[in-house]
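Below is one structure, written out as structure tokens, with a few remarks after it.
The values are calculated or read from the model by the stated rules, or taken from the named source; none is laboratory data. Quick caveat, the model's predicted, so the values are computed rather than measured. Cβ: placed from backbone, ideal geometry, glycine included. Neighbour counts: every protein chain shown.
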Amino acid sequence: MKKIVKKIKAYVLVLAMVASVIGVMPMKAYAYDDEVDTGVAVVAWYVYDAEYCIYADGFYSIADYVGEWGDDGEGIMSSGSGFFVGALDENPEYFVTNCHCVDDYIASDEGGFGYMETGYTYEGYDIYLVYESSEIRIYYSEDEYDVAYIVDSGSVDKVDLAILNIADPTEERHALALCEPTEDMVGEEVWAVGFPGLGENDFSGASYWGVNDITVTSGSINRFVKASGSGVERIQMDAVIQHGNSGGPLVNEDGCVVGINTNGWIEENEQNYYAINVTELISMLDKNDVPYVMGKSNVGLIVGIVIGAVALVAAVAVVAVLMTKKGKSNGNNTSAKAKSAATPAMAQAATSKMPMLRSMSPQHNGATYAIKNQAIMIGRDAARCTIAYKEGTAGVSGMHCSVEWKAEMNEFLVTDLKSSYGTYLMSGQRLQPNVPHRLKAGDSFYVGDKANVIRVEVN
């Protein structure tokens, strides 16, 4: 009996010593590391020789009748956020953003000729905005930028990531470290960083793109999820992602990137926001031999693990001693009871289909909207429409169209609500007013203008 008491005292003494050492260690407070700001920048799609045209067996300029576009035919069409990666002690040259921030540039053969419908007509002809060439720019301020080129890109509906490269390493920003998140981080505070104000400046350019104009929103990690079908790893959080914030980093308290801000999922009474898990980015960086640095581990988490481990060792030791004593007195009864005990079954989350709409308009930056028990309204009337466009958006009526989900048919129904400019399939077919049209998951349509594409999805 004396030996048992001595063993217990020894374990308790070790536990007390470890706890006392940890007690005097300086604990890091949870706070945003503003050094992150100097690793974040604006990414913009810039077009040249753009003008309003009509099409009649070829494009014909009508600039003399309707005016010029942009600044002498050139300007920014859309923009988002992103950040640099690489060695922390060297000037960076590789930049990360969302694919949907640069997909129009990619679609035009990475800088070639292209056009967009405006939703307006001139003497019976549809008006297009036609551009001869374009480029991707990374802005450090209103007037300072570098031209960037595509190293690799995923796809908007799968791995919504793109890696860009500038010709020469820049002194204007520094690289950010990466950190693979773990399940232990659920509930921990994170920060979404970017330039959300850019959503209000699409097609006209922004005025304030410096480090001092960055917006940071805080929240916590809710859970880790995998997208159905693609298997893309995502982080669900409550840190708000606003227009223009897409592509920016989601960082922990050490300033390390754990995810890439992507989109928001808006329900009737709930808003969830998502970032692509940085593990997806690491795979893409490795595939393209792009350098990066992994950040330090969470100090608070390590301390917690140490405390838990020591406590567990002590508890196991005590239980082992007591069980040994009990086993000697009860013979094989303990073993028999253990064999007869029922093992609790692991609970498995039920899966179900989640129909949703994804707006590809630069105004919404790929935001998704869940369809529940009633149809989603689309238009400019923010009071009545779930997907609301800004006043003055070309081709969009106040109450333009609706989309509902028919679970029994595994289909979506899109209905034009007698809009002025029409609702169109991607083939150019205009839908008849008040006549529902069936769509399968993955199909797209546009609202008045091809700049206002909406895709139907099931996750």
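Key figures for this structure:
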quantity	calculated
Residues located in the range 394-414, provided they are closer than 13 Å to PHE445 by Cα and surrounded by fewer than 18 Cβ atoms within 10 Å (Cβ to Cβ)	LEU413
Residues within the range 253-273 that are buried (at least 24 other Cβ atoms within 10 Å of the Cβ) and either modelled with pLDDT under 95 or of a type in the set (Val, Ile, Thr) (or both), tallied	7
Residue ranges of strands (runs of 3 or more DSSP E) in the range 353-459 with at least 1 members closer than 21 Å to THR121 by Cβ and not polar (S, T, N, Q)	376-379, 401-406, 411-416, 423-425, 444-447, 453-458
Residue in the range 440-453 that is touching a Cys at 6+ places or on another chain (Cβ under 9 Å), aromatic (Phe, Trp, Tyr) and either under 21 Å from LEU129 (Cβ atoms) or surrounded by fewer than 18 Cβ atoms within 10 Å (Cβ to Cβ) (or both) present	yes
Residues of the range 191-209 that turn out to be crowded, with 16+ Cβ neighbours inside 10 Å and modelled with pLDDT under 80, as a count	10
Residue selected from the range 225-251 under the condition hydroxyl-bearing (Ser, Thr, Tyr) and in contact with a strand residue (DSSP E or B) (Cβ under 8 Å, 6 or more places away or on another chain), by the criterion modelled with the highest pLDDT	SER246
Some residue of the range 2-23 being modelled with pLDDT of 95 or more and farther than 19 Å from GLY112 by Cα	no
Residue that is surrounded by the most Cβ atoms within 10 Å (Cβ to Cβ) [pool: residues in the range 78-114 that are part of a strand (DSSP E or B) and of a type outside the set (Gly, Ala, Ser)]	THR97
